[in-house]
């Protein structure tokens with residue numbers, strides 16, 4: 001599996017769970033980024049940056065036909081490696097080159113191979129100069145934890161035959177070696193074709209060799225690092241240089257990743273992107289010495305852990321069968337929140353240096369509780385609930401404490417982090433309702449029946465309140481927020497800016513009329529449909545909306561003021577931005593109520609951005625900006641296809657697996673195999689045959705399967721059980 005592109009200077013990542021190399025697909029490493037201005041690219045061993053990048057100069061010393069810094073003219077992305085081609089980038093010389101990058105699993109380093117090939121029958125004398133720009137510096141906001149960047153220094157160690165660079169004020173190291181060893185080595189403050197910022201230092205090595213007619217030769221570079229000692233950096237360098245087939249190991253790993261939840265449908269492009277989403281998710285795993293292992297949000301701007309992002313992304317991770325990653329991430333979030341907050345609140349973000357810029361938006365705590373329960377339902381692993389339950393008890397109490405006016409809706413920022421919109425938000429209300437229901441089920445399982453019944457009753461009260469107080473019957477939509485006119489009037493400056501940016505005169509008029517109608521309401525709280533933010537999908541996404549309201553709202557949101565070329569607008573007020581998460585949430589919401597064709601249409605809109613920014617990837621912001629690899633992108637697709645289209649819904653608490661497929665009309669047949677559920681796997685094959693549907697199910701778990709049929713066709717169900 002591979003994805004190719006001609007170079008138009010998008011970015012790429014070469015990744016393992018320890019290290020991430022981020023650069024341009026032309027093989028260069030320009031300064032870019034806004035969290036750390038112009039410093040988000042390069043080679044990262046989070047929280048430490050090792051290199052700004054590296055470059056190769058090539059000279060044809062025979063015909064003098066090439067004397068240039070090599071820039072790639074083609075790029076191929078593989079799950080396990082990256083390849084750059086320099087077919088036309090070496091002048092008129094008969095020599096071409098390829099560059100292969102590989103990050104072996106479990107090692108704090110990368111391997112970079114340049115292969116030069118002579119296409120003529122005559123020998124060519126060649127000279128190369130490899131330049132690496134070391135920049136040992138900490139990640140964003142490291143000054144908050146007392147870490148500061150200093151000038152780097154470097155030396156060549158003759159005995160070890162490598163460069164060793166160090167930050168002069170910290171025990172941070174980069175080690176660089178090559179095979180075969182070079183003829184000339186030097187260190188200093190010099191640059192190649194790009195001048196990067198920072199307190200770095202350059203290391204360069206030269207090779208001179210002759211390529212016989214039709215001969216090829218390879219030069220391999222090894223780059224490792226450590227944030228604590230020179231010894232570790234050198235140890236990691238030694239591991240990189242071991243005579244092991246690291247590429248075969250990584251290929252085998254990704255074969256296993258792709259083989260889980262393996263989709264087979266007539267639409268091969270959809271199938272290919274579905275597989276790539278599993279790969280992208282794996283690229284974002286960070287196993288870090290300080291905080292642990294978990295799923296990062298995105299590369300290049302958000303290479304750290306989030307509460308909000310994870311609670312979406314991990315549902316996709318469960319659908320693709322990586323139970324261990326889901327568990328590790330949830331445990332990391334819980335442990336850190338207990339240490340940093342201690343009061344039940346789930347943090348918003350955790351930097352790899354241990355700093356927390358935001359202790360948590362209100363909706364994240366509720367979302368986390370339900371995600372822990374979903375993990376149990378799909379895996380049967382009760383131990384995570386046991387380990388996190390003492391903190392989840394505090395989480396419930398913390399949520400209730402945010403409801404100071406006792407109207408059942410906690411206050412504070414939800415997912416939409418727009419200044420001033422920190423009222424009682426619809427997403428917080430919907431996820432809090434879901435959390436009460438999940439918490440009630442936890443209490444029931446551990447025998448605390450009275451408390452379980454109390455929390456289930458609370459779930460029903462919140463659900464009723466949402467459907468009564470946060471429903472706008474005139475618009476046929478759920479509201480953005482619940483607040484008094486006095487509260488909203490304090491935010492008129494925010495609203496006026498939003499209204500001014502609104503493309504629709506109808507919506508502008510609606511909001512102004514609403515403000516005028518409620519001018520005399522004072523302290524009376526009511527639902528407000530203001531931005532028409534994408535989070536008004538959450539009552540449908542969580543399944544707490546009754547069908548009549550859900551279907552009306554979902555039909556309304558299928559209109560052009562909500563849906564654009566690449567998916568759902570972040571808000572129907574401005575209609576300016578689209579992201580994969582809001583489109584994904586809407587796809588799940590549509591599928592939740594049986595609108596599979598609409599769900600598929602939304603996913604396909606997201607898929608229309610495939611490979612726009614990076615070959616094989618879908619950007620966070622549609623069509624081609626933001627993080628070019630984003631964790632929560634998998635949610636809408638994986639959850640919709642696995643849980644709704646094929647209808648695979650395990651329930652550890654009920655001791656069964658329900659299969660209830662709702663396939664899109666255009667998918668006349670399809671199969672999803674090796675879907676990991678509970679203690680085994682499930683395969684589901686769907687075939688539409690004239691006036692009936694044949695459903696073939698292979699179950700290797702110890703749990704019984706029950707099938708809930710949909711539609712009016714007479715169905716044929718074949719159950720195949722594996723011996724265990």
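The values are calculated or read from the model by the stated rules, or taken from the named source; none is laboratory data. Computed from a prediction, not measured in an experiment: that's the story for all the values here. Cβ atoms come from the backbone with ideal geometry, glycine included; neighbour counts cover every protein chain shown.
Say whether the condition of being in a loop (DSSP other than H, G, I, E, B), free of Cβ contacts under 8 Å to residues at least 40 places away in the same chain and over 15 Å from the mean Cα position of the chain (by Cα) is met by at least one residue in the range 301-322. The answer is no, given that none of the residues of the range 301-322 is in a loop (DSSP other than H, G, I, E, B), free of Cβ contacts under 8 Å to residues at least 40 places away in the same chain and over 15 Å from the mean Cα position of the chain (by Cα).
Does residue 550 fit the bill of being on the phi < 0 side of the Ramachandran plot, touching a helix residue (DSSP H, G or I) at 6+ places or on another chain (Cβ under 9 Å) and outside any loop (DSSP other than H, G, I, E, B)? First the steps, then the outcome.
Working: on the phi < 0 side of the Ramachandran plot: yes; touching a helix residue (DSSP H, G or I) at 6+ places or on another chain (Cβ under 9 Å): yes; outside any loop (DSSP other than H, G, I, E, B): yes.
Yes.
Restricting attention to the range 699-718, the residues that are surrounded by fewer than 18 Cβ atoms within 10 Å (Cβ to Cβ) and assigned to a strand (DSSP E or B) add up to 7. If you take the residues in the range 663-691 that are in a loop (DSSP other than H, G, I, E, B) and in contact (Cβ under 8 Å) with a residue 60 or more places away in the chain, which one is nearest to the chain's Cα centre (by Cα)? If we take residues in the range 663-691 being in a loop (DSSP other than H, G, I, E, B) and in contact (Cβ under 8 Å) with a residue 60 or more places away in the chain, then 678 is nearest to the chain's Cα centre (by Cα). Looking at 536, 507 in this structure, which one is closer than 23 Å to residue 579 by Cα, in contact with a strand residue (DSSP E or B) (Cβ under 7 Å, 6 or more places away or on another chain) and not in a loop (DSSP other than H, G, I, E, B)? Result of the check over 536, 507: 536.
Counting only residues that are in a loop (DSSP other than H, G, I, E, B) and closer than 18 Å to residue 13 by Cβ, the range 255-300 holds 4 of them. Within the range 388-409, one or more residues are touching a strand residue (DSSP E or B) at 6+ places or on another chain (Cβ under 9 Å), surrounded by 24 or more Cβ atoms within 10 Å (Cβ to Cβ) and within 22 Å of residue 543 (Cα to Cα). Taken residue by residue, the range 524-532 has no member that is free of Cβ contacts under 8 Å to residues at least 24 places away in the same chain, surrounded by fewer than 19 Cβ atoms within 10 Å (Cβ to Cβ) and assigned to a loop (DSSP other than H, G, I, E, B). Scanning the range 315-333 for residues that are touching a strand residue (DSSP E or B) at 6+ places or on another chain (Cβ under 7 Å) and closer than 16 Å to residue 385 by Cα returns 323, 325, 328, 329, 332, 333. State whether the residues of the range 399-413 include one that is assigned to a helix (DSSP H, G or I), over 24 Å from residue 495 (Cα atoms) and in contact (Cβ under 8 Å) with a residue 40 or more places away in the chain. Yes: the range 399-413 contains one or more residues that are assigned to a helix (DSSP H, G or I), over 24 Å from residue 495 (Cα atoms) and in contact (Cβ under 8 Å) with a residue 40 or more places away in the chain. Among residues of the range 218-243 that are more than 18 Å from residue 178 (Cβ to Cβ) and assigned by TED's automatic domain parsing to the domain that holds residue 160, those with a Cβ under 7 angstrom from a residue that is surrounded by fewer than 17 Cβ atoms within 10 Å (Cβ to Cβ) and modelled with pLDDT of 95 or more, sequence gap 6+ or separate chain, pair up as 228/171; 229/171. Considering 467, 486, the condition of being touching a residue at least 60 places away in the same chain (Cβ under 8 Å) and in the same structural domain as residue 572 (by TED's automatic domain parsing) is satisfied by 467 alone.
Taking (1) farther than 29 Å from residue 505 by Cα; (2) under 17 Å from the mean Cα position of the chain (by Cα) in turn, residue 606 satisfies each apart from (1).
Conditions tested, residue by residue: (1) in contact (Cβ under 8 Å) with a residue 40 or more places away in the chain; (2) over 15 Å from the mean Cα position of the chain (by Cα); (3) not in a helix (DSSP H, G or I).
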position	(1), (2), (3)
584	yes, no, no
587	yes, yes, no
601	no, yes, no
611	yes, yes, yes
615	yes, yes, yes
635	yes, no, no
649	no, yes, yes
657	yes, yes, yes
661	yes, yes, yes
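Candidates are the residues of the range 75-89 that are in a loop (DSSP other than H, G, I, E, B) and touching a strand residue (DSSP E or B) at 6+ places or on another chain (Cβ under 6 Å); the one that is farthest from residue 258 (Cα to Cα) is 87. Just to be sure, is residue 352 under 21 Å from the mean Cα position of the chain (by Cα), touching a residue at least 60 places away in the same chain (Cβ under 8 Å) and not in a helix (DSSP H, G or I)? Spelling it out, residue 352 is indeed under 21 Å from the mean Cα position of the chain (by Cα), touching a residue at least 60 places away in the same chain (Cβ under 8 Å) and not in a helix (DSSP H, G or I).
Looking across 47, 10, one residue alone is assigned by TED's automatic domain parsing to the domain that holds residue 117 and farther than 26 Å from residue 354 by Cβ. It is 10. Of the numbered criteria (1) under 27 Å from residue 566 (Cα atoms); (2) touching a strand residue (DSSP E or B) at 6+ places or on another chain (Cβ under 8 Å); (3) at pLDDT 95 or above, the one residue 614 fails is (3).
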